[in-house]
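Read through the structure below, which is laid out as structure tokens, and then see the notes.
FYI, it's all coordinate maths here, none of it is from the lab. This is a predicted model, so every value here is computed, not measured. Every residue, glycine as well, gets a Cβ built from its backbone with ideal geometry; the counts of neighbours run over all protein chains shown.
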Ligand code: MOS
């Protein structure tokens, strides 16, 4: 544990150390790495959702000047089998979803590659497809587990009996649409083979993860694959696993014997870079006259793809959020001819808490209880699922602090009572949570003869501030000023570390860095403080957290929203949001605030704007660009007040940091939906809350 007296830079609102490089355009993103003799790839995508390729005629494409090759399933090199069939690109003639890559053109310029891809004629034998998620479908199935490895269903007590005898109960179904991750930097990979193996510049959330998968697919020793990714323009989960373009780029570079660059267009991303599954969530709550929950049931139906299973853990937060003696959660999947769903910011918690926190609001109204008071009344003393104590649990503190800051006390709970001209005004609240985890990582700390420190770890900064925060952690752990520490991240030549995902980057990497620093200082002490000519080095391992077996570990938050709804148009405005979080010790007040602001902004987007619209005739998403896939922009965001409570959790990791990458988005949409109800008396259970749902 770093004692707080030692802490000099951790916690401070420091500017990003990579900021000057970003604003001067010298931070090179994957596609920007310039390589001699480079070539460009552009894909051909399937125009059917299910079936097989009968023929590929690339003769016209091959005649274009500047064309180098056209890869198809007929001539592509064979890959080694691995456990994700989606990555077995160009290995067979079968088509599992519309938009799947069925050929790849490599050319001297991007323009020629794109033109040639258009000239490739693919003939298909089309089979009937099923692409629409229906909760009442007869062939839903129960997956073996839900992501990353949780029980599919849980049950304790007798939910049905408790609901039947409850003084107050509610039973509602909430739905969320498909959403697509849209990091500002689209996915891109550059690959170059040499006698040593292959080097990739990839826009990824985890270089070592990409290395392992590429090595496996091409039958290489992992040491022969190097992945470099110092700067990444956002990921949000969609770069948390490699998508087919990564394999295709490496394959193409091997075939043409020259470096290949492959950047997905925004449109490509809507088929091949993952998305959040649509969900259908039935929530049943039973309570006694005092507003104490007697039963909680959360039944989820969502989709997966035929080519690869992805089972989102949507009901997970319902397992630990509130006390109730009778409880159950289930997940059922529809296997459809669709692209493979994937990770998207706060997978599980984000859509799951929209449903649960909307339902809690509905229960509060049914019980005639204040919704904050209802939540406090159902605060569990131990994790209801495991019986473990919480390492720390700041939900009530967040709700109370938030109520104060937001001015909740003066709220008239009756809906539709408050207006300003033609605008109805309402306020809403919802709780937020996200698990606190960490994964094994390794770091090296070094000091040279001149007293300069370096810290080496294959961490990844996807725009979150990891460059800065890890330098802060290292400086304090080494007990030196920030300027004396040189950090290296984003390259598989550095010690192996876990990926930037699951809000566990700082926790995982920081644990390894603190350990490496501790060992280096011990070595220095052995040398009586005299650095030998060759310098000193120490390796720190940050393993799984042994305390995770004894404690339930989660971050919490309270989200408050004020909405204005136009009586004539149904337009919803969100002039004011407040988020109060309890996420352990905050490592950098500025980058943390940015993370939470970004999450809450995405929450506004989820509540009001985002929706991937499927065309059932073809099986793909039609609004596949920023003109039609609406996301919240500056004009949609009013005041966002982000704050946190001081939380000292000695069990999570040596820094006491719980992770802040995802909790900001959790609960925001429910707070807004609850506020819309308060403004209008209309309960929208189907996101997004668009005008049509509020007009008569
Ligand atoms: Mo996040 S969806 O764990 O990258």
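Starting from the Cα-Cα distance between residue 254 and residue 568, subtract it from 0.36 nm times their residue separation and give me the gain in nm to one decimal.
107.0 nm
Across the Cα atoms of segment 320-439, what radius of gyration and what greatest pairwise Cα-Cα distance (Dmax) are found, in Å?
Looking at segment 320-439, its Cα Rg and Dmax stand at 17.6, 53 Å.
For segment 322-368, state what percent of all Cα-Cα pairs lands in each successive 5 Å bin, counting from 0 Å until the bin that includes the largest distance.
Distribution as computed: 5, 12, 17, 24, 17, 10, 8, 5, 1, 0 percent.
Using Cα pairs closer than 8 Å and at least 6 residues apart in sequence, work out the relative contact order for segment 105-240, in percent.
17
Please pull out the direction-averaged projected area of the chain, using the convex hull of its alpha-carbon atoms, in nm² to one decimal place.
Numbers: hull surface 126.1 nm².
Answer in nm², one decimal: 31.5.
Relative contact order, percent, of the chain when contacts are C-alpha pairs under 8 Å separated by at least 6 residues? Walk me through the numbers before you get to the answer.
Values: 1813 pairs, mean separation 116.9, N = 696.
Contact order relative to length: 17 percent.
Considering only DSSP beta bridges with both partners in the chain, what is the antiparallel share in %, to the nearest 5?
Approximately 75 percent, going by the DSSP bridge assignments.
Arranged by the count of other C-beta atoms within 10 angstrom, fewest first, what order do 519, 693 take?
Fewest to most other Cβ atoms nearby, the residues stand as 693, 519.
Tell me the Rg and the Dmax, in Å, that the Cα atoms of segment 1-159 produce.
Considering segment 1-159 through its Cα atoms, Rg and Dmax are 24.5, 71 Å.
Taking only C-alpha pairs under 8 Å that are 6+ residues apart, what is the relative contact order of segment 223-310 in percent?
Computed over segment 223-310, the figure is 19 percent.
May I ask you to sort 46, 138 by Cβ crowding, counting other Cβ atoms within 10 Å and putting the fewest first?
Numbers: 46 22, 138 5.
Fewest-to-most Cβ neighbours within 10 Å comes out as 138, 46.
From Cα coordinates alone, what are the radius of gyration and Dmax values for segment 358-514 in angstrom?
23.0, 71
Sorted by average packing, counted as other Cβ atoms within 10 angstrom per residue and highest first, what order do 669-677, 612-620 take?
Ranked by mean Cβ neighbours within 10 Å, highest first: 669-677, 612-620.
If you find the alpha carbon centre of segment 95-173 and of segment 199-241, how far apart are they in angstrom?
What the calculation gives is 25 Å, centre to centre.
So for each of 244-253, 218-227, 102-111 I average, over its residues, the number of other beta carbons within 10 Å; can you give me the resulting order with the highest mean first? Spell out each step's value before the answer.
On the way: 244-253: 26.3, 218-227: 17.4, 102-111: 21.0.
Going from most to least packed, we get 244-253, 102-111, 218-227.
Given the DSSP H assignment, sum -39500 (n - 2.57) over each helix run of at least 4 residues in the chain and divide by its residue total; what's the result at 222 nm in deg cm²/dmol, nearest 500?
Mean residue ellipticity at 222 nm (helix-derived): -7500 deg cm²/dmol.
Counting other beta carbons within 10 Å of each residue's own, what order do 651, 201 fall into, fewest first?
Taking fewest neighbouring Cβ atoms as first place, the list is 651, 201.
So between residue 165 and residue 589, what do we pick up on full extension, going 0.36 nm a residue minus the alpha carbon distance?
Details: separation 424, 0.36 × 424 = 152.64 nm, distance 4.83 nm.
Once the chain is fully extended between residue 165 and residue 589, it gains 147.8 nm.
Output needed for segment 459-538: three equivalent-ellipsoid semi-axes, defined as square roots of 5 times the C-alpha gyration tensor eigenvalues, in descending order, whole Å.
Working from the Cα gyration tensor, I get semi-axes of 25, 13, 11 Å.
With all pairs of different alpha carbon atoms counted, what Kirkwood hydrodynamic radius in Å does segment 546-696 show?
Radius from the Kirkwood sum: 17.1 Å.
Rounded to a whole number of µm²/s, how large is the Stokes-Einstein D of segment 254-332 at 25 °C and 0.890 mPa s, given Rh as the Kirkwood radius over C-alpha pairs?
So the translational diffusion coefficient is about 151 µm²/s.
Calculate the translational D of segment 222-268 in whole µm² s⁻¹ from Stokes-Einstein, where the hydrodynamic radius comes from the Kirkwood formula applied to all Cα pairs, the temperature is 37 °C and the viscosity 0.692 mPa s.
Approximately 262 µm²/s, per Stokes-Einstein.
When the Cα centres of segment 310-326 and segment 646-680 are compared, how far apart do they sit, in Å?
16
How many percent of Cα pairs in segment 1-91 exceed 21 Å?
65
Just to be sure I understand the model, the point goes 7 Å from the Cα along the line to the Cβ. What's the resulting residue 388 to residue 158 distance in nm?
3.1
Starting from the Kirkwood Rh over alpha-carbon pairs, what translational D in µm² s⁻¹ does segment 651-696 have by Stokes-Einstein at 25 °C and 0.890 mPa s?
The diffusion coefficient I find is 189 µm²/s.
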